[in-house]
1. Taking a point 7 Å out from Cα toward Cβ as the label site, list the nm distances between B:His317 and the same residue in every other copy, smallest first.
2. Hey, if you put +1 on the Cβ of every Lys and Arg and -1 on every Asp and Glu Cβ in the protein assembly as shown, which of A:Gly97, A:Thr265, B:Gly135 ends up farthest toward the positive end of that dipole?
3. Between the range B:290-359 and the range A:243-265, how far is it from one alpha carbon centroid to the other, in angstrom?
4. I need the calculated FRET efficiency for the pair B:Asn160 and B:Lys211, taking r as the beta carbon distance and R₀ as 30 Å, to the nearest 0.05.
5. Check cross-link reach from B:Lys145 to the aspartates and glutamates: straight Cα distance under 15 Å, and skip same-chain residues fewer than eight apart.
6. Using unit Cβ charges (K, R positive; D, E negative) and no other charged atoms, how large, in debye to the nearest 20, is the dipole of the range A:267-359 about its Cα centre?
7. Are there GluC sites (Glu not before Pro) in the range B:142-213 that DSSP puts in a loop and that have at most 10 other Cβ atoms within 10 Å, and which ones?
8. Could you identify which residue out of A:Arg290, A:Arg71, A:Arg256 has the top mean-square fluctuation in a GNM of chain A using Cα springs shorter than 10 Å?
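No value in this document is a laboratory result; all are computed from the given coordinates. What you see is a predicted model; the values in this text were computed from it and never measured. All Cβ positions, even for glycine, are placed from backbone atoms using ideal geometry, and neighbour counts span all protein chains on display.
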2 protein chains.
Amino acid sequence: MLRKKHFSIVLCTLAAALLPSAPLLAQHEFDYEEDDYGPVQIGGNENAFGFSQEAAMAIMQAVGTINRYPRAQAETLVNKLAASFKVTPDHIIVTPGSGPILVMAAMAYAEPGKNVVTVEPGYLQLTSAFRRFGGEVKAVPLNDKLEHDLAAIEKAIDANTVIVYICNPNNPTGTVVDPAALKAFIERVPENVLVFVDEAYLELAEGGLEKHTMAPLVAAGKKNVLVCRTFSKAYGMAGLRVGYAAAAPAIINKLRPYSQGGPSTLGYVGAAAALDDLASMQANIAEYQRVRKMVTDALDALQIKYAEPHGSFVFMHTGIDIREFQRLMEAENIFVGRPFPPMLDWARVSIGTEQEMNLFLGALRKILASKGRLASR
Amino acid sequence: MLRKKHFSIVLCTLAAALLPSAPLLAQHEFDYEEDDYGPVQIGGNENAFGFSQEAAMAIMQAVGTINRYPRAQAETLVNKLAASFKVTPDHIIVTPGSGPILVMAAMAYAEPGKNVVTVEPGYLQLTSAFRRFGGEVKAVPLNDKLEHDLAAIEKAIDANTVIVYICNPNNPTGTVVDPAALKAFIERVPENVLVFVDEAYLELAEGGLEKHTMAPLVAAGKKNVLVCRTFSKAYGMAGLRVGYAAAAPAIINKLRPYSQGGPSTLGYVGAAAALDDLASMQANIAEYQRVRKMVTDALDALQIKYAEPHGSFVFMHTGIDIREFQRLMEAENIFVGRPFPPMLDWARVSIGTEQEMNLFLGALRKILASKGRLASR
């Protein structure tokens, strides 16, 4: 009988033989001839560039172990994340995607009379759960660059505020907060208010993760800040469902009773392998930034306003009601983001491959022309 | 460049070439020579026999798609489960393991003054969460065969009872409830009380799933019964994290606000493939029942009492404090189940491979002999 050890070695060799032509595995999904091009899915902030081959191989090697619960695999990932944050493992929680951490925070902190301060338009998973579980939501408008207005947020904090939710880059606008200003803001927030910094897209920011992240505050022992991240965006593994947070152990312990369980074995091993594959991550980020620039250059030429994009998407002012814009794009087999009230004549468009974005830009020009809104170049 | 379609076909062929000698993939984990035999893990009710090769292949084929969220894959699995329960898809919820469903039920139903009725010793994930979220737990003793005592449970239901939790087979005792008696019991329970039937191990019951399951009550439109199952036990995919429940849509909709998200792409496709692989499931069940019988025959010879086992474990009266028994077994590199108060001189031992159970039985004889408790054969 074939032994497990041999099975793994054979599989690894085969995978290596299969994959080397592809810098990022899932890219092949879009490697069709133009005339049989499938639907362009640029509505869900998924990563069209794919993900680490090392992660793919680690996942395939681990398939034979899924009859067991992922104890050692969980420990390995937690230890790796702790090391990268320069904290002890009790500062880390790993969940199936980062969504559970947002919901757990809402469950742990929401109660009648308490509020969460956030921005509008912003990402709703934490705040809508917070309202569902009995709390209130205080939404502050963005500034005229569609960025977080830290002064307005600070003013909105009151004696009943328990969480300030900062999604950085903001979803759907893609703007980042100046890191020095955010750090100073966090230092001023009362210690009994949790500053929940959602860095789901931060690896893709211009200037890089290290420039922008609030992780050093966690490492420095700050008691009321939580940094949340995911393997769904820059790491390109949305379907694997792995996310995590780093915070003081007292915060992690406040969230933990609301946990419903961790990721799969394959999630743990894939995430751990992806963390080690720096080259793949750098390639993915570079490709995102290159195609994002191509899109904003085209929008400049079309004289279409957009928020400064630092995530895996561009938020643009089409001047067309988003429901109609979605329908017009769907007629071209292109699927863009949903409405983000109150900015209903803007569209959030995820960055796909260069080929996909050229299809999008072609469709955009066609739609604008049909509306008599195509700017002369 | 290699195209996705070709990649899948090549991978599938390779996987088929790699795997055919193994009826159940993960079995290899234990295919060592006796003298380098690893730790015998028979404490966590994991499936040592492995899982469907079809599932393994489906997972490997899907690795290239994990850059996307699992929309279509989720729909496929929900539809398959709905068809197998003869209900519409709005009767089904799928989560990362069945644990989240137990916690969601606790979150949705627990409030001060309300109670859940259960048995002791029993499985604690739902009931301990119910207490954590402010409710009370009324635990009824098992009968002298360590089975659910339905009359006592019925008597314990009061005006404040919101859930009756029946784990069938019961964990840790492994006993099943007579299906006709359970059905009649459920018919008598007040309509405002949810009967939560946890069938995590029921595929392994003597007589089979169909004889014992309460699924027909859901199909018949019963408004206050929920049937919960998992791919972690008989299906042998604990590390994949896929579980589900079937119930009237009103119950599913009451749970859904507490959801923190679904399984991974690989979870959905692995589970769907496993459902279709009846031969693998039958082989797994047969092996469980064969080795379980081998263990109980040996316990009979040793004159050790045990509860009638219908799950992936045997609950046995060693007469030795379980903490000491664990230590003595660990000295033999064997890891058995944790204490289940108040039955502290009993042990829950998971069914491993025949070779593993022979190692366990050898160690058991040695330990009993050292205590002067070895029965003459």
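1. 8.1
2. B:Gly135
3. 33 Å
4. Rounded to the nearest 0.05, the efficiency is 0.30.
5. B:Glu120, B:Asp178, B:Glu308
6. Roughly 200 debye, rounded to the nearest 20.
7. Details: sites: B:Glu147, B:Glu154, B:Glu187, B:Glu191, B:Glu199, B:Glu203, B:Glu206, B:Glu210; in loops: B:Glu147, B:Glu191, B:Glu199, B:Glu206.
Sparse-neighbourhood loop GluC sites (Glu not before Pro): B:Glu191.
8. Between A:Arg290, A:Arg71, A:Arg256, it is A:Arg71 that shows the largest mean-square fluctuation.
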